[in-house]
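The values are calculated or read from the model by the stated rules, or taken from the named source; none is laboratory data. What you see is a predicted model, and the numbers here were worked out from it, not measured in a lab. Here the Cβ is made from the backbone with ideal geometry for all residues, glycine too, and neighbour counts use every protein chain on show.
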Amino acid sequence: MSDGVLRRVRTGAVDLAVTVVPEPLPDLQVQPIAADRFCCVFPPSHPFAGRRRLDSAELADQPHVAFEPSSCIRQRAEQAFATARVHPDLVLESRNITTIAGLVAAGLGVAVMPGLVLPIVRFAGLEHQALGRPEISRRIAVVRDPNRPLAAASEAFMTAIGRTQRSADPLAPETTWL
């Protein structure tokens with residue numbers, strides 16, 4: 001979880017982290033590397049299949065499989081639902097991405113996930129549609145304490161990330177390099 005990862009960077013337990021950065025972090029150096037949009041995932045037989053557009057409000061009458069409440073994914077999804085003034089029917093929750101994908105694949109509900117995790121849930125044969133109104137996105141960044149020198153391996157990692165960004169190799173669906 002992002003809070004724990006940032007705590008490890010601040011205490012010096014790790015040199016750097018690749019994590020979601022929801023707000024400004026004045027005490028840390030933040031190098032944005034990618035952004036992704038949130039999507040609704042569902043089985044291919046679901047009525048949402050083949051849709052060109054899907055708004056958060058349309059999830060109101062759907063059974064919802066969600067990430068646990070402490071997850072930033074869950075928190076972002078709930079913000080969108082609040083903005084859309086809907087309260088999806090929460091039927092199950094889990095901390096594990098693949099568990100959620102399996103539950104959705106079994107037809108127990110739909111789920112909201114960020115684009116970057118779509119390749120992880122590919123095994124479940126799910127379809128997805130990016131959510132609009134309100135659109136939910138997040139910023140992924142490399143975060144480090146600017147007052148600590150980087151180990152050689154960490155410097156090489158930062159160089160590799162920059163090189164990959166510049167190559168413009170495609171990322172997961174609904175995900176873009178910054």
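Among the residues of region 62-99, which ones are in contact with a Gly (Cβ under 9 Å, 6 or more places away or on another chain) and surrounded by 19 or more Cβ atoms within 10 Å (Cβ to Cβ)?
Answer for region 62-99, where residues must be in contact with a Gly (Cβ under 9 Å, 6 or more places away or on another chain) and surrounded by 19 or more Cβ atoms within 10 Å (Cβ to Cβ): GLN62, HIS64, VAL65, ALA66, PRO88.
Return the residues of region 1-44 that are of a type outside the set (Lys, Arg), over 21 Å from ASN96 (Cα atoms) and free of Cβ contacts under 8 Å to residues at least 40 places away in the same chain; say none if nothing qualifies.
THR11, ALA13, VAL14, GLU23, PRO24, PRO26, listed by residue number.
ALA101 versus (1) without any contact (Cβ under 8 Å) to a residue 60 or more places away in the chain; (2) not in a strand (DSSP E or B): which is the lone unmet condition?
That leaves (1) as the condition not met.
Quick check: anything in region 154-175 under 12 Å from the mean Cα position of the chain (by Cα) and surrounded by fewer than 16 Cβ atoms within 10 Å (Cβ to Cβ)?
So far as region 154-175 goes, yes, one or more of its residues are under 12 Å from the mean Cα position of the chain (by Cα) and surrounded by fewer than 16 Cβ atoms within 10 Å (Cβ to Cβ).
How about region 35-61: which of its residues are within 17 Å of VAL117 (Cβ to Cβ), of a type in the set (A, V, I, L, M) and buried (at least 21 other Cβ atoms within 10 Å of the Cβ)?
If the condition is that a residue be within 17 Å of VAL117 (Cβ to Cβ), of a type in the set (A, V, I, L, M) and buried (at least 21 other Cβ atoms within 10 Å of the Cβ), then VAL41 is the only one that fits.
Table: residues versus (1) over 22 Å from HIS87 (Cα atoms); (2) modelled with pLDDT of 95 or more.
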residue	(1), (2)
MET1	yes, no
VAL9	yes, yes
PRO22	yes, no
PHE38	no, yes
